[in-house]
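What follows is one structure encoded as structure tokens, with my remarks underneath.
The values are calculated or read from the model by the stated rules, or taken from the named source; none is laboratory data. All of these numbers come straight from a predicted model, not from anything done at the bench. Quick reminder, even Gly has a Cβ in these numbers, built from the backbone with ideal geometry, and neighbours come from all protein chains shown.
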Amino acid sequence: MADEAAVSPDSIKPDSIKPDSIKPDSIEPGPIEFIDLGAQRRRIGERMDEAIRRVVDHGRFILGPEVGELEQRLAEFCGAKHVLSCANGTDALGLAVMAKGLAPGQAVVVPSFTFAATAEIVAWYGATPVFADVYADTFNLDPASLEAGIATARRLGLDPVGVIPVDLFGQPADYDAILEIAAAHGMWVICDAAQSFGATYRDRKIGTIGDLTTTSFFPAKPLGCYGDGGAVLLDDDAPMAVLRSLRVHGQGADKYDNVRVGMNARLDTMQAAVLLEKLRIFADEIAARQLVAARYGALLHDLVRVPEVPDGLTSVWAQYTVRLPAGVDRDRVAARLKAAGVPTAQYYAKPLHRQTAYRDYPVAGNGLPVSERLAAEVLSLPMHPYLSEAVQDRIVDALRAALRG
Ligand SMILES: Cc1ncc(COP(=O)(O)O)c(C=O)c1O
């Protein structure tokens, strides 16, 4: 097994995983887990219990020593100069836009094909999310639609101040193009890396690309805790003092004098302890996910549209989402898979600009046809680092049978 204490994303190549580092826990027939946290627990449970017990014993449940240690370890892992942990990925986005001074009258371009939090935090501050379209092959923000979204915002008399690209399903967005457009328009870039912590974009790691990057440690994320958690990652020194203050109600140097309106967005010490243990095996788990994705791709590409990762990028495969052929009844396929013991999910069955809370916000240009098409075609398959080849084969066979009708 790789030295768990010393692993970094670069130190583990997919083909360097030794068979005993990944236990084929799901090999026996029976229910297939969409995300098998139990298998991970069987691997590191003992150490985890000790780590949790240490927190119970020292009793510093809020901003205890594990929080600072985690922030340092996360920074080392992703190469960002600073990491500010926080309560969840939504608060991480909220803190980031607050640090940017987001206000009414301003617009932020966000993809429509994402989780609600990306747009929600723009609306929190009375600003306007402008929904943009995505690429069909990578599911990520289409720079041409970003340009259209900026024009739409201006036409509506709004000031387009920022863009929040999302690294959907674990794969980095098209950052070279997005950063160039944002720079040309004087806009900030906050990378929503809730699903992509640990991924790489050309020679850069996620966490070092935009002005600020945010991530989530929700249990189902590639690096997930045992509850809610998140972080803001950044290289710039300047926003750190403000972010730290915002995380604790806008506290000033004198803790009884709050100098700005903030929030209560601290990460629990217990969750930090959990994440420290999980971080030890994270690079190994990413490599295992990449093996699963590569094998899925080889076995599924003649059945469905499999996700594409452009050259020079790596994904952490938060989800493995395929596109069913046009005209296929997705609910029927999902029901057949369920009957065969294969759980699936539809990320995302409704783009944000079609959802009740968001449908009155503007969309870029003349509509978002790709997001709408994807929402009708996508199906996410079980994906986690402990998915044995035998179980992968069962999933592939079940999908083949379900598609046959
Ligand atoms: C793209 C994206 N952004 C933000 C979030 C919010 O993260 P959290 O659930 O930790 O608040 C999520 C969570 O699923 C997400 O997928």
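Listed here are the residues, each with its yes/no results for (1) at pLDDT 95 or above; (2) hydroxyl-bearing (Ser, Thr, Tyr); (3) surrounded by fewer than 24 Cβ atoms within 10 Å (Cβ to Cβ).
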site: 189; (1), (2), (3): yes, no, yes
site: 197; (1), (2), (3): yes, no, no
site: 214; (1), (2), (3): yes, yes, no
site: 254; (1), (2), (3): no, no, yes
site: 258; (1), (2), (3): yes, no, yes
site: 263; (1), (2), (3): yes, no, yes
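Quick one: is residue 207 within 21 Å of residue 276 (Cβ to Cβ) and either within 12 Å of the ligand (Cβ to nearest atom) or out of contact with any strand residue (DSSP E or B) (no Cβ under 9 Å at 6 or more places or on another chain) (or both)? Give the derivation first.
Numbers: within 21 Å of residue 276 (Cβ to Cβ): yes; either within 12 Å of the ligand (Cβ to nearest atom) or out of contact with any strand residue (DSSP E or B) (no Cβ under 9 Å at 6 or more places or on another chain) (or both): no.
When the stated conditions are applied, residue 207 does not pass them.
Regarding segment 230-250, can at least one residue be identified that is under 15 Å from residue 278 (Cα atoms), in contact with a Gly (Cβ under 8 Å, 6 or more places away or on another chain) and modelled with pLDDT of 95 or more?
Here is the first cut: in segment 230-250, the ones under 15 Å from residue 278 (Cα atoms) are 230.
If we keep only those that are in contact with a Gly (Cβ under 8 Å, 6 or more places away or on another chain) too, we end up with 230.
Imposing the further condition that a residue be modelled with pLDDT of 95 or more reduces the set to 230.
Within segment 230-250, one or more residues are under 15 Å from residue 278 (Cα atoms), in contact with a Gly (Cβ under 8 Å, 6 or more places away or on another chain) and modelled with pLDDT of 95 or more.
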Study note, to complete from the structure: Conditions (1) more than 14 Å from the ligand (Cβ to nearest atom); (2) over 20 Å from residue 170 (Cα atoms) -> residue 135 fails only (2)
Practice item. Looking only at segment 287-306, decide whether some residue is among the hydrophobic types (A, V, I, L, M, F, W, C), modelled with pLDDT of 95 or more and within 16 Å of the ligand (Cβ to nearest atom). Key: no
Check your understanding: Of the numbered conditions (1) within 16 Å of the ligand (Cβ to nearest atom); (2) closer than 22 Å to residue 78 by Cα, residue 284 satisfies every one except a single condition; which is it?
Key -> (1)
**Study point:** Cβ pairs under 8 Å, 6+ apart, first in segment 36-58 and surrounded by 16 or more Cβ atoms within 10 Å (Cβ to Cβ), second of a type in the set (D, E, K, R) and not in a helix (DSSP H, G or I)
**Key:** 36/25; 39/23; 39/25; 39/33; 43/23
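Give me the residue from segment 210-219 that is within 10 Å of the chain's Cα centre (by Cα) and assigned to a loop (DSSP other than H, G, I, E, B) and, out of that set, nearest to the ligand (Cβ to nearest atom). If you could, list the steps in order and put the result at the bottom.
Our first condition is that a residue be within 10 Å of the chain's Cα centre (by Cα); within segment 210-219, this holds for 214-218.
From what is left, the residues that are assigned to a loop (DSSP other than H, G, I, E, B) are 217-218.
Details: 217: 7, 218: 4 Å.
Across segment 210-219, the extreme among qualifying residues is 218.
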Review point. Is one or more of the residues making up segment 142-161 under 22 Å from the mean Cα position of the chain (by Cα) and within 14 Å of the ligand (Cβ to nearest atom)?
Key: no
Exercise for review: Identify, by number, the condition in (1) within 16 Å of the ligand (Cβ to nearest atom); (2) over 19 Å from residue 282 (Cβ atoms); (3) assigned to a helix (DSSP H, G or I) that residue 55 doesn't meet.
Suggested key: (1)
Point to revise | residue 120, sole failed condition from (1) closer than 28 Å to residue 238 by Cα; (2) crowded, with 19+ Cβ neighbours inside 10 Å; (3) under 19 Å from the mean Cα position of the chain (by Cα) | key: (2)
Review point. Going through segment 137-165 one residue at a time, which ones are buried (at least 21 other Cβ atoms within 10 Å of the Cβ) and not aliphatic (A, V, I, L, M)?
Key: 138, 139, 140, 142, 143, 145, 149, 152, 160, 162, 165
Study note, to complete from the structure: A careful count of residues in segment 74-106 that are more than 16 Å from the ligand (Cβ to nearest atom), in contact (Cβ under 8 Å) with a residue 40 or more places away in the chain and under 18 Å from residue 244 (Cβ atoms) gives 6
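Based on what the data block shows, is residue 387 among the hydrophobic types (A, V, I, L, M, F, W, C), touching a helix residue (DSSP H, G or I) at 6+ places or on another chain (Cβ under 6 Å) and closer than 26 Å to residue 198 by Cα? So that I can check it myself, show each step before the final result.
Values: among the hydrophobic types (A, V, I, L, M, F, W, C): yes; touching a helix residue (DSSP H, G or I) at 6+ places or on another chain (Cβ under 6 Å): yes; closer than 26 Å to residue 198 by Cα: yes.
So residue 387 fits the description; yes.
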Point to revise | Single unsatisfied condition, residue 276 versus (1) in a loop (DSSP other than H, G, I, E, B); (2) within 30 Å of residue 317 (Cα to Cα); (3) in contact (Cβ under 8 Å) with a residue 60 or more places away in the chain | key: (1)
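Any residue that is within 24 Å of residue 37 (Cβ to Cβ), at pLDDT 95 or above and not aliphatic (A, V, I, L, M) - is there at least one of those in segment 362-373? So that I can check it myself, show each step before the final result.
So in segment 362-373, the residues within 24 Å of residue 37 (Cβ to Cβ) come out as none.
Scanning segment 362-373 turns up no residue that is within 24 Å of residue 37 (Cβ to Cβ), at pLDDT 95 or above and not aliphatic (A, V, I, L, M).
Just wondering, is there one or more residues in segment 129-136 that are surrounded by fewer than 22 Cβ atoms within 10 Å (Cβ to Cβ) and under 25 Å from residue 223 (Cβ atoms)?
Within segment 129-136, the first condition is being surrounded by fewer than 22 Cβ atoms within 10 Å (Cβ to Cβ), and the residues that meet it are 135-136.
If we keep only those that are under 25 Å from residue 223 (Cβ atoms) as well, we get none.
The answer is no; no qualifying residue exists.
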